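Trainee: One structure is given below, represented as structure tokens, and several questions about it will come after.
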């Protein structure tokens, strides 16, 4: 009986430890917003909206009067929207409206982050664009960096937007756990963020961006995510670290997205012609 009791205690302690490791390894939110779009010359609207479970979220809408498409920007697991100004500028300069929001627990958004919570947050951001700004889904592109790519994939399979772009996104948390914590069986992690299985259901055009030098999410996971995706799809290979590749390969990064957007515009023209 004593042995059984010690086994139970060990299992409970082990699971509590795993949950702590899991949470502390996935989410790195920061509350203070230290920079705003005006600091890079961009006018913006500071907006608030609510999720289906009544969490008040904060975001920025950066309007571009030349825009055909609007990007819903699902950022990575660290910092907040104030740490994405350089990327916002690139997307804006490509002729896009940009709507970036903070997940629950990040920046000025209420609550604490969780996998199901992040999915609800992205859905609420998408609904805000549709309901309040009257932007149709044929003009919405979902963009996700790192863990935000898994969030964007989850939303894309539900709403079928105009397009999906992921950057440095992994296949699943369990695949990442095998790399970061090889001594812990992956099945004990409760988080999934299973982009690889969900992207099979995403039928809109897709651009998968990944750096061969990514030291956090290995390049082969980006390739695997691309392989799992159905047509139409494009893979953009860049160079640089996980967090700086978009700057290290800035020209290639911008040109690759620009080419993808140009293809989307031509598809729209073809659609409109057929509708007539």
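Trainee: So which residues in segment 59-89 are closer than 17 Å to residue 245 by Cα and at pLDDT below 95, if there are any at all?
Mentor: Those that are closer than 17 Å to residue 245 by Cα and at pLDDT below 95: none in segment 59-89.
Trainee: Among (1) part of a helix (DSSP H, G or I); (2) at pLDDT 95 or above, there is one condition residue 12 misses while meeting the rest; what is its number?
Mentor: In the conditions (1) part of a helix (DSSP H, G or I); (2) at pLDDT 95 or above, residue 12 misses (2) alone.
Trainee: Is it true that residue 141 is closer than 29 Å to residue 252 by Cα, crowded, with 22+ Cβ neighbours inside 10 Å and modelled with pLDDT of 95 or more? Let's see the steps before the verdict.
Mentor: On the way: closer than 29 Å to residue 252 by Cα: yes; crowded, with 22+ Cβ neighbours inside 10 Å: yes; modelled with pLDDT of 95 or more: yes.
The answer is yes for residue 141.
Trainee: Given the structure, is residue 122 more than 23 Å from residue 211 (Cβ to Cβ) and either touching a strand residue (DSSP E or B) at 6+ places or on another chain (Cβ under 6 Å) or surrounded by 19 or more Cβ atoms within 10 Å (Cβ to Cβ) (or both)?
Mentor: Numbers: more than 23 Å from residue 211 (Cβ to Cβ): yes; either touching a strand residue (DSSP E or B) at 6+ places or on another chain (Cβ under 6 Å) or surrounded by 19 or more Cβ atoms within 10 Å (Cβ to Cβ) (or both): yes.
So residue 122 fits the description; yes.
Trainee: Select from segment 88-113 the residues that are out of contact with any helix residue (DSSP H, G or I) (no Cβ under 6 Å at 6 or more places or on another chain), more than 17 Å from residue 50 (Cβ to Cβ) and either part of a loop (DSSP other than H, G, I, E, B) or in contact (Cβ under 8 Å) with a residue 40 or more places away in the chain (or both) and list them in ascending order.
Mentor: If the condition is that a residue be out of contact with any helix residue (DSSP H, G or I) (no Cβ under 6 Å at 6 or more places or on another chain), more than 17 Å from residue 50 (Cβ to Cβ) and either part of a loop (DSSP other than H, G, I, E, B) or in contact (Cβ under 8 Å) with a residue 40 or more places away in the chain (or both), then 88, 91, 92, 93, 95, 96 are the ones that fit.
Trainee: Another one. Does segment 144-155 hold any residues that are under 11 Å from residue 76 (Cβ atoms) and either modelled with pLDDT under 95 or in contact with a strand residue (DSSP E or B) (Cβ under 6 Å, 6 or more places away or on another chain) (or both), and which are they? Quick ask: steps written out before the conclusion?
Mentor: Keep residues of segment 144-155 that are under 11 Å from residue 76 (Cβ atoms), which gives 144-151.
Of everything in segment 144-155, those that are under 11 Å from residue 76 (Cβ atoms) and either modelled with pLDDT under 95 or in contact with a strand residue (DSSP E or B) (Cβ under 6 Å, 6 or more places away or on another chain) (or both) turn out to be 144, 145, 148, 149, 151.
Trainee: Applying the selection to segment 31-48, what residues are over 15 Å from residue 80 (Cβ atoms) and assigned to a loop (DSSP other than H, G, I, E, B)?
Mentor: Answer for segment 31-48, where residues must be over 15 Å from residue 80 (Cβ atoms) and assigned to a loop (DSSP other than H, G, I, E, B): 41, 42, 43.
Trainee: What number of residues within segment 231-259 are more than 15 Å from residue 165 (Cα to Cα), part of a loop (DSSP other than H, G, I, E, B) and either touching a residue at least 40 places away in the same chain (Cβ under 8 Å) or out of contact with any strand residue (DSSP E or B) (no Cβ under 8 Å at 6 or more places or on another chain) (or both)?
Mentor: 3
Trainee: Determine, yes or no, whether residue 119 is in a helix (DSSP H, G or I), within 20 Å of residue 155 (Cα to Cα) and modelled with pLDDT of 95 or more.
Mentor: Taking the combined requirement at face value, the residue satisfies it.
Trainee: In segment 49-87, what residues are surrounded by fewer than 22 Cβ atoms within 10 Å (Cβ to Cβ), assigned to a strand (DSSP E or B) and either on the phi > 0 side of the Ramachandran plot or in contact with a helix residue (DSSP H, G or I) (Cβ under 6 Å, 6 or more places away or on another chain) (or both)?
Mentor: 49, 79 - these are the residues of segment 49-87 that are surrounded by fewer than 22 Cβ atoms within 10 Å (Cβ to Cβ), assigned to a strand (DSSP E or B) and either on the phi > 0 side of the Ramachandran plot or in contact with a helix residue (DSSP H, G or I) (Cβ under 6 Å, 6 or more places away or on another chain) (or both).
Trainee: Another question about this same structure. Looking at (1) farther than 28 Å from residue 92 by Cα; (2) in a helix (DSSP H, G or I); (3) modelled with pLDDT under 95, which is the only condition residue 265 fails?
Mentor: The failed condition is (1).
Trainee: I've got another one for you. How about segment 191-205: which of its residues are under 22 Å from residue 117 (Cβ atoms) and in contact with a helix residue (DSSP H, G or I) (Cβ under 7 Å, 6 or more places away or on another chain)? Talk me through it step by step, then tell me what you get.
Mentor: Step one: filter segment 191-205 for residues under 22 Å from residue 117 (Cβ atoms), giving 191-199, 201-202.
191, 192, 193, 195, 196, 198, 199, 201, 202 - these are the residues of segment 191-205 that are under 22 Å from residue 117 (Cβ atoms) and in contact with a helix residue (DSSP H, G or I) (Cβ under 7 Å, 6 or more places away or on another chain).
Trainee: Can you name the residue in segment 193-217 that is buried (at least 19 other Cβ atoms within 10 Å of the Cβ) and out of contact with any strand residue (DSSP E or B) (no Cβ under 8 Å at 6 or more places or on another chain) and, of all such residues, is nearest to residue 87 (Cα to Cα)? Steps first, please.
Mentor: Let us first name the residues in segment 193-217 that are buried (at least 19 other Cβ atoms within 10 Å of the Cβ), namely 193, 195-196, 198-199, 202, 204-211, 214, 217.
Filter once more, keeping what is out of contact with any strand residue (DSSP E or B) (no Cβ under 8 Å at 6 or more places or on another chain): 193, 196, 198, 214.
Numbers: 193: 23, 196: 25, 198: 26, 214: 17 Å.
That would be 214.
Trainee: Find the helices (runs of 4 or more DSSP H) located wholly in segment 156-230 whose residues include 3 or more that are under 30 Å from residue 68 (Cα atoms) and modelled with pLDDT of 95 or more, and list them. Spell out how you get there, then give the answer.
Mentor: On the way: elements: 173-180, 195-198, 219-228.
Here the list reads 195-198, 219-228.
The values are calculated or read from the model by the stated rules, or taken from the named source; none is laboratory data. Since the structure is predicted, the reported quantities are computational estimates derived from the model, not experimental observations. In this analysis, Cβ positions are derived from the backbone assuming ideal geometry, glycine residues included, and neighbour counts consider all displayed protein chains.
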